[in-house]
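Asks: What follows is a structure written as structure tokens; I'll ask about it next.
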Amino acid sequence: MASESLKTLRMVVPGFKFFEDTLWHALEWMRMKVNGVCADMEAWQIVLLSAALLLLAQWLWEFFWCGEGGIAKLKKGTFRMARKIPYVKRQIAAEVSKTAHSMRQGFAKDLKPGMSFVRRLPTRGHSSAEVCALAEEYKSMDTVEINRGRASGTLYNGGEELTDLNARIYKMFAWTNPLHSEVFPDIRKMEAEVVKMCLTMFNGGPESCGTMTSGGTESIMLACKAFRDRAVNRGISRPEMVIPRSAHAAFEKACQTFNILARIVHADSITMKVDVRQMEKLINKNTCMLVGSAPDFPMGMIDPIEDIAKLGIKYDIPVHVDACLGGFLIAFMEKAGFPLPLFDFRIPGVSSISCDTHKYGFAPKGSSVILYANNELRRYQFYIITDWPGGIYATPTLGGSRPGAIIAACWATMMYFGEEGYIRSTADIINTTRYIRDSLREIPGLFVYGEPLVSVVTVGSLDFDIFRLKSGLEELGWNLNALQFPSSIHLCCTLLHTKPGIADEFISDVRRCTAKIMANPAEKASGMAAMYGMSQTIPDRSLVGELVMEFLDALYDTSYSASMSNGHTQ
Ligand SMILES: *Cc1c(COP(=O)(O)O)cnc(C)c1O
């Protein structure tokens, strides 16, 4: 059979005979070479050499084709070596310690004169009046007026009646814990109802289900854990996920935590939405989930969820929709008069949705939901241990004990607003965002990225360093988010920005700042603005990481005092 087809090939393919001869010659040459090398070797040497070569080949294969790829690994390795050079090491250490010092100086500025850190338990407990008076002092440290809509995102509602309601509910359920589900049937019922109300918002079918979590990050991490375990259950030993570059950092946090490889798809440079064709190219037999955001955090774009879901069905891979940020907007936009492409369980292939009740759901911080299309998927999220001496133990989420009062407050907030309340807030927020979006487009020197449909407006500039605008606005009391790759800043509109006059104040401040910068567009940024720009140009990302480590350390530092901000150290 084989020789028959060889004969045919020789006849019909021109040059095949030549190709065949060359191949035979090459093989013959190799045979001679190998024999030559092994001629003087003993059998055990040949066996060892073969084994070593096999290992080397395997190592090369892993190095270049597995994980993040050979080039990235070579780059990292080079940086690691360069940093071992004593001179480089000293320079970096000096730079890191300078940064660390200036971070602490920045924090010291927040301390009131004479303020210091509590470093041990007070010997005698304070009266509750004393504690409250002390807490008032701490409260006076806040500088950004989030209550006046000066911050991007951060505070989503802040209504006084809502605050009072939440305080009352918190008091009622302060000591509850859903871990003891038989002790607290009230919290059990409330959690189930919050999940079910959200499933209804996202058109979940009769099989759909979910759990509450402590926030968007936990919701996302749980979905990743569930889909990793589903993949492992199917014999995949190195699970990978394909995520848009714009997807929330929580996905890569999950990758690190649960040992999943992240394959990153870049956005289309015009629409700023994920390029689904590129996404398909990164799918392989190890892919355990695909992700789309609705909308994403950086630029507020809704990825083409329907197209991603089609890939999910084609390759039998779960698709997660991250609606953490805008879930409580997009679910009501249609009814508020702003049509959107489909994004929820109405699309076959959408396996899970994360949605933060503590963002536009207006619930206090510490609550979110993770929703699944069916219970088979949710079961991969659960944790069960049957043989623990502490008893048969099972938890639906990452935590053990959980704050029942936060669940109750979330439930109360959703009951308080109702569908009509959320439709109204959605209409206000979307109208305001679009007003801001269209007004910013008119300002010379600025441009708005893509076509944002939800609550985030991202601006950049071709004429000047956009972080100078962030600094300029900071001086006027506005706190916007700095984004990178590309350099840009965004405003995430909340209910506070819909208050009369706020949007206009913002637009006129941006116009004023931009005009001032445009008078001298080439000027270099300074201070924090320079930091944002500079950090993107450092090729050794581990160095950037090290500087940020210093920041996290500084958060917990209690060794500095108010006087440090004047240049003195203790
Ligand atoms: C806020 C956010 C998250 C994560 O939520 P946390 O509650 O901060 O953990 C996830 N995805 C998007 C798009 C978000 O905006």
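Asks: Can you pull out every residue in the stretch 348-357 that is within 8 Å of G216 (Cβ to Cβ) and either in contact with a Lys or Arg (Cβ under 6 Å, 6 or more places away or on another chain) or of a type in the set (S, T, Y) (or both)?
Replies: Hit for the stretch 348-357 is S354, nothing else.
Asks: Identify, from the list I270, I283, I236, the residue that is assigned to a loop (DSSP other than H, G, I, E, B) and in contact with a helix residue (DSSP H, G or I) (Cβ under 6 Å, 6 or more places away or on another chain).
Replies: After applying the criteria, what remains is I283.
Asks: Can you find even one residue in the stretch 281-297 that is in contact with a Cys (Cβ under 7 Å, 6 or more places away or on another chain) and under 23 Å from T458 (Cα atoms)?
Replies: Looking through the stretch 281-297, none of the residues is in contact with a Cys (Cβ under 7 Å, 6 or more places away or on another chain) and under 23 Å from T458 (Cα atoms).
Asks: Test of understanding: among S152, S208, which residue is away from the ligand (no atom under 16 Å from the Cβ), touching a Leu at 6+ places or on another chain (Cβ under 7 Å) and touching a residue at least 60 places away in the same chain (Cβ under 8 Å)?
Replies: So the residue among S152, S208 that is away from the ligand (no atom under 16 Å from the Cβ), touching a Leu at 6+ places or on another chain (Cβ under 7 Å) and touching a residue at least 60 places away in the same chain (Cβ under 8 Å) is S208.
Asks: Let me ask you something else. Please determine, by comparing only the residues of the stretch 237-249 that are away from the ligand (no atom under 12 Å from the Cβ) and out of contact with any His (no Cβ under 6 Å at 6 or more places or on another chain), which one is farthest from F343 (Cα to Cα).
Replies: My answer is S237.
Asks: Do the conditions hold for T395, that is, is it over 23 Å from A336 (Cα atoms), more than 15 Å from the ligand (Cβ to nearest atom) and touching a residue at least 12 places away in the same chain (Cβ under 8 Å)?
Replies: yes
Asks: Also: Taking the criterion of being assigned to a helix (DSSP H, G or I), within 16 Å of the ligand (Cβ to nearest atom) and among the charged types (D, E, K, R), would at least one residue in the stretch 186-197 satisfy it?
Replies: So far as the stretch 186-197 goes, no, none of its residues is assigned to a helix (DSSP H, G or I), within 16 Å of the ligand (Cβ to nearest atom) and among the charged types (D, E, K, R).
Asks: Residues E218, E252: which one is within 16 Å of the ligand (Cβ to nearest atom), touching a Leu at 6+ places or on another chain (Cβ under 6 Å) and not small (G, A, S)?
Replies: Criteria check complete, one pass: E218.
Asks: Restricting to the stretch 285-309, give me the number of residues that are farther than 20 Å from E451 by Cα, in contact with a strand residue (DSSP E or B) (Cβ under 7 Å, 6 or more places away or on another chain) and more than 11 Å from the ligand (Cβ to nearest atom).
Replies: Residues flagged as farther than 20 Å from E451 by Cα, in contact with a strand residue (DSSP E or B) (Cβ under 7 Å, 6 or more places away or on another chain) and more than 11 Å from the ligand (Cβ to nearest atom) within the stretch 285-309 amount to 6.
Asks: Determine whether S488 is surrounded by fewer than 17 Cβ atoms within 10 Å (Cβ to Cβ) and among the hydroxyl-bearing types (S, T, Y).
Replies: Taking the combined requirement at face value, the residue does not satisfy it.
Asks: Moving on. Could you tell me which of the residues R234, R228 is over 30 Å from F447 (Cα atoms), buried (at least 22 other Cβ atoms within 10 Å of the Cβ), more than 16 Å from the ligand (Cβ to nearest atom) and more than 17 Å from the chain's Cα centre (by Cα)?
Replies: Sole residue among the options that is over 30 Å from F447 (Cα atoms), buried (at least 22 other Cβ atoms within 10 Å of the Cβ), more than 16 Å from the ligand (Cβ to nearest atom) and more than 17 Å from the chain's Cα centre (by Cα): R228.
Asks: Follow-up. From the residues in the stretch 33-48 that are loosely packed, with under 10 Cβ neighbours inside 10 Å and part of a helix (DSSP H, G or I), which one is nearest to the chain's Cα centre (by Cα)?
Replies: W44
Asks: Cβ contacts < 7 Å: first residue more than 10 Å from the ligand (Cβ to nearest atom), restricted to the stretch 344-362; second residue acidic (D, E), any location; separation 6+ or different chain. Result?
Replies: These pairs meet every condition: I347/E306; V350/D344; I353/D344.
Asks: Let me ask you something else. Evaluate the stretch 459-467: report whether one residue or more is more than 26 Å from T271 (Cα to Cα) and among the acidic types (D, E).
Replies: no
Asks: Separate question: Can you tell me which residue in the stretch 363-392 is nearest to the chain's Cα centre (by Cα), limited to those that are β-branched (V, I, T) and away from the ligand (no atom under 14 Å from the Cβ)?
Replies: I384
Asks: Among the listed residues S461, S508, S526, S471, identify the single one that is touching a helix residue (DSSP H, G or I) at 6+ places or on another chain (Cβ under 6 Å) and of a type in the set (G, A, S).
Replies: Only one candidate qualifies: S471.
Asks: Sticking with this structure for a sec: Answer yes or no: is there a residue in the stretch 506-529 that is under 30 Å from E451 (Cβ atoms), of a type in the set (S, T, Y) and touching a residue at least 24 places away in the same chain (Cβ under 8 Å).
Replies: yes
This table checks each residue for (1) surrounded by fewer than 17 Cβ atoms within 10 Å (Cβ to Cβ); (2) of a type in the set (V, I, T).
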site: N259; (1), (2): yes, no
site: K273; (1), (2): no, no
site: E280; (1), (2): no, no
site: S293; (1), (2): no, no
site: M299; (1), (2): no, no
site: I317; (1), (2): no, yes
site: A323; (1), (2): no, no
site: L342; (1), (2): yes, no
site: S351; (1), (2): no, no
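Asks: Might you check whether a residue that is among the polar types (S, T, N, Q), in a helix (DSSP H, G or I) and more than 30 Å from I283 (Cα to Cα) occurs anywhere in the stretch 50-67?
Replies: yes
Readers should treat all values here as calculations from the given coordinates under stated rules, not as data from a laboratory. From a predicted model like this one, the values you see are computed outputs, not experimental measurements. Heads up, the Cβs are rebuilt from the backbone with ideal geometry, glycines too, and the neighbour counts pull from every protein chain shown.
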